Amino acid sequence: MGKIILTGDRPTGRLHIGHYVGSLKRRVELQNSGEYDRIFIMIADAQALTDNADNPEKVRQNIIEVALDYLACGLDPTKSTLFIQSQVSELCELTFFYMNLVTVSRLQRNPTVKSEIQMRNFESSIPVGFFTYPISQASDITAFKATTVPVGEDQEPMIEQTREIVRKFNSIYGETLVEPDILLPDNKVCLRLPGTDGKAKMSKSLGNCIYLAEEPEEIRKKVMSMYTDPDHIKVEDPGKVEGNTVFTYLDAFCRPEHFGKYLPDYQSLDELKAHYMKGGLGDVKVKKFLNAVLQEELEPIRNRRKEFQKDIPYVYQVLKQGSMEAQKAAAQTLADVKSAMKINYFDDVDLISAQSEKYR
Ligand code: TRP
């Protein structure tokens with residue numbers, strides 16, 4: 001059995017630096033490590049429609065944005081299969097069969113579903129498709145016999161639910177599906193990068209994101225107006241680094257060599273933090289440093305994106321080719337599933353001869 005990755009994103013907007021440190025950067029490293037036999041990266045348009053049923057145009061428009069962000073970050077179609085979820089109909093069939101293995105109360109207990117229901121004010125009018133998307137996500141993962149799912153922390157309940165479905169399926173129908181492992185970012189601050197306003201999560205609706213495709217001047221503006229420590233008023237005041245977004249971003253992005261280049265008065269982030277906490281270090285200086293760090297990280301991504309933007313038909317071609325390859329892999333798993341469930345009537349010579357026997 002090989003090592004196989006599956007992961008993906010909902011196409012509801014451009015990807016931002018939270019996606020980048022939380023998952024995209026890691027994917028590219030995993031892709032280039034050569035340790036994986038296959039890597040599937042999925043644009044989850046069908047899942048995006050579970051809570052955007054009335055806005056298909058938004059989903060449709062964002063497919064290319066997400067694909068461009070993928071390519072810009074360094075996902076390489078010769079190494080990873082990039083595909084669109086809705087183009088692999090086998091995923092729906094698997095979902096239909098897995099639905100029999102999951103209870104309503106188990107779905108209600110899924111913490112991610114719970115909080116999303118609250119966020120969207122669905123409470124008494126939850127679309128069934130939305131409610132069952134964890135089951136569809138189990139299909140996404142198991143269809144490719146994925147061993148490894150690199151995602152952010154918010155996806156943990158989904159992977160847990162997938163593992164339960166796999167165990168249940170295998171115990172009823174025999175060893176067929178692969179139980180996947182989640183792969184979380186190793187840098188703790190990358191689990192969930194806060195928005196530039198210090199709020200828990202970057203989200204388009206809160207307007208607190210820095211996008212991967214952002215222009216240099218926009219990045220600078222967003223960094224310079226970032227949330228810091230509200231009690232750090234005068235430069236001499238001692239400041240707090242916990243909950244201070246500028247330092248959180250430095251934890252996520254800054255490397256030792258950045259000091260020599262952009263802030264040679266300090267050797268390390270620890271030293272910079274110590275000075276800030278003691279007092280005497282102004283926000284502007286730290287923000288300028290963060291800006292330099294982010295500019296360096298995002299420039300090559302933005303430039304690569306612009307190159308791919310010049311050939312949009314190529315990007316769609318990559319997705320089409322990837323979707324065909326993904327379908328091939330999923331069809332194999334669906335055949336295994338049907339045979340395990342004994343619903344492969346026409347391939348089942350024993351069934352046909354036993355039924356013949358019965359009526360002889
Ligand atoms: N739920 C994921 C998100 O919101 C997207 C997704 C769909 C996914 N299917 C998946 C991620 C399978 C990992 C594996 O970003």
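The values are calculated or read from the model by the stated rules, or taken from the named source; none is laboratory data. Note that the structure is predicted; figures quoted are calculated from it, not measured. All Cβ positions, even for glycine, are placed from backbone atoms using ideal geometry, and neighbour counts span all protein chains on display. SASA here: full protein model, heavy atoms, side chains in, ligands and nucleic acids out. Shrake-Rupley method; radii C 1.70, N 1.55, O 1.52, S 1.80 Å.
Identify all lysines with a Cα-Cα distance to Lys3 below 20 Å; exclude those on the same chain that are fewer than 8 residues away in sequence.
Straight-line reach from Lys3, under 20 Å: Lys25, Lys79, Lys145, Lys328.
Within region 119-197, which trypsin sites (Lys or Arg not before Pro) sit in a loop by DSSP and count at most 15 neighbouring Cβ atoms inside 10 Å?
Loop-located and lightly packed - Arg120.
Hey, could you get me the Stokes-Einstein D for region 216-308, Kirkwood radius over alpha-carbon pairs, 20 °C and 1.002 mPa s, rounded to whole µm² s⁻¹?
156 µm²/s
Report, in order of residue number, the helices in the chain meeting two criteria: a C-alpha extent of 27 Å or more along the helix axis, and a mean Kyte-Doolittle hydropathy of at least -0.5; treat each whole DSSP H run as one helix. Provide the component values of the computation, followed by the final result.
Working: long enough: 283-309 (37 Å, -0.97); 312-340 (42 Å, -0.08).
Within the chain the helices that satisfy the rule are 312-340.
Could you give the semi-axes, largest first, of the ellipsoid that matches the chain, computed as the square roots of 5 times the alpha carbon gyration tensor eigenvalues and rounded to whole Å?
Working: eigenvalues 395, 93, 69 Å².
Semi-axes (√(5λ), whole Å): 44, 22, 19.
Taking a ≥ b ≥ c as the square roots of the eigenvalues of the Cα gyration tensor of region 39-90, is the shape rounded (a/c under 1.5), prolate (a/b larger than b/c) or oblate?
Here region 39-90 falls in the oblate category.
Tell me which trypsin sites (Lys or Arg not before Pro) from region 38-113 have a DSSP coil assignment and no more than 13 other beta carbons within 10 Å of their own.
On the way: sites: Arg38, Lys58, Arg60, Lys79, Arg106, Arg109; in loops: Lys79, Arg109.
Passing sites in region 38-113 are Arg109.
Shape of region 1-52 from its Cα gyration tensor (a ≥ b ≥ c, root eigenvalues): rounded if a/c is under 1.5, otherwise prolate when a/b > b/c, or oblate?
oblate
Can you tell me which of Asp251, Asp37, Asp54 moves the most in a GNM of the chain? Springs connect C-alpha atoms under 10 Å apart.
Of Asp251, Asp37, Asp54, the most mobile in the Gaussian network model is Asp54.
Identify the trypsin sites (Lys or Arg not before Pro) of region 252-310 meeting these criteria: DSSP loop state and at most 16 other C-beta atoms within 10 Å of the C-beta.
Counting only loop positions with at most 16 other Cβ atoms within 10 Å, the trypsin sites (Lys or Arg not before Pro) in region 252-310 are Lys310.
Mind listing the phi-derived Karplus ³J(HN,Hα) values for region 3-8, rounded to whole Hz, using 6.51, -1.76 and 1.60 with θ = phi - 60°, and x for any glycine or proline?
So the J values, rounded to whole Hz, are 9, 10, 9, 10, 7, x.
Once label points are set 7 Å from the Cα along Cα→Cβ at both Ser89 and Ala200, what is their separation, rounded to one decimal in nm?
Result: 4.0 nm between the two label points.
Which listed residue (Leu290, Pro313, Tyr98) has the Cα farthest towards the positive end of the charge dipole for the chain, taking +1 on Lys and Arg C-beta and -1 on Asp and Glu C-beta about the Cα centre?
Pro313
Whole angstrom only: what separates the Cα centroid of region 53-113 from the Cα centroid of region 282-360?
That distance is 9 Å.
Can you tell me the dipole magnitude for the chain around its Cα centre, using point charges on the Cβ only (Lys, Arg +1; Asp, Glu -1), in Debye to the nearest 20?
260 debye
Hey, which of these cross-link pairs are over 22 Å Cα-Cα: Lys201/Lys320; Lys201/Lys278; Lys201/Lys221; Lys114/Lys199; Lys199/Lys240?
Lys201/Lys320; Lys201/Lys278
Students often forget the sequence filter, so: which lysines lie under 21 Å Cα-Cα from Lys261 once same-chain residues fewer than 8 apart are removed?
Candidates past the 8-residue exclusion: Lys273, Lys285, Lys287, Lys288.
Could you work out what % of the accessible surface of the chain is carbon and sulfur, using a 1.4 angstrom probe and leaving DNA, RNA and ligands out of the count?
On the chain, the fraction of accessible area on carbon and sulfur atoms equals 53 percent.
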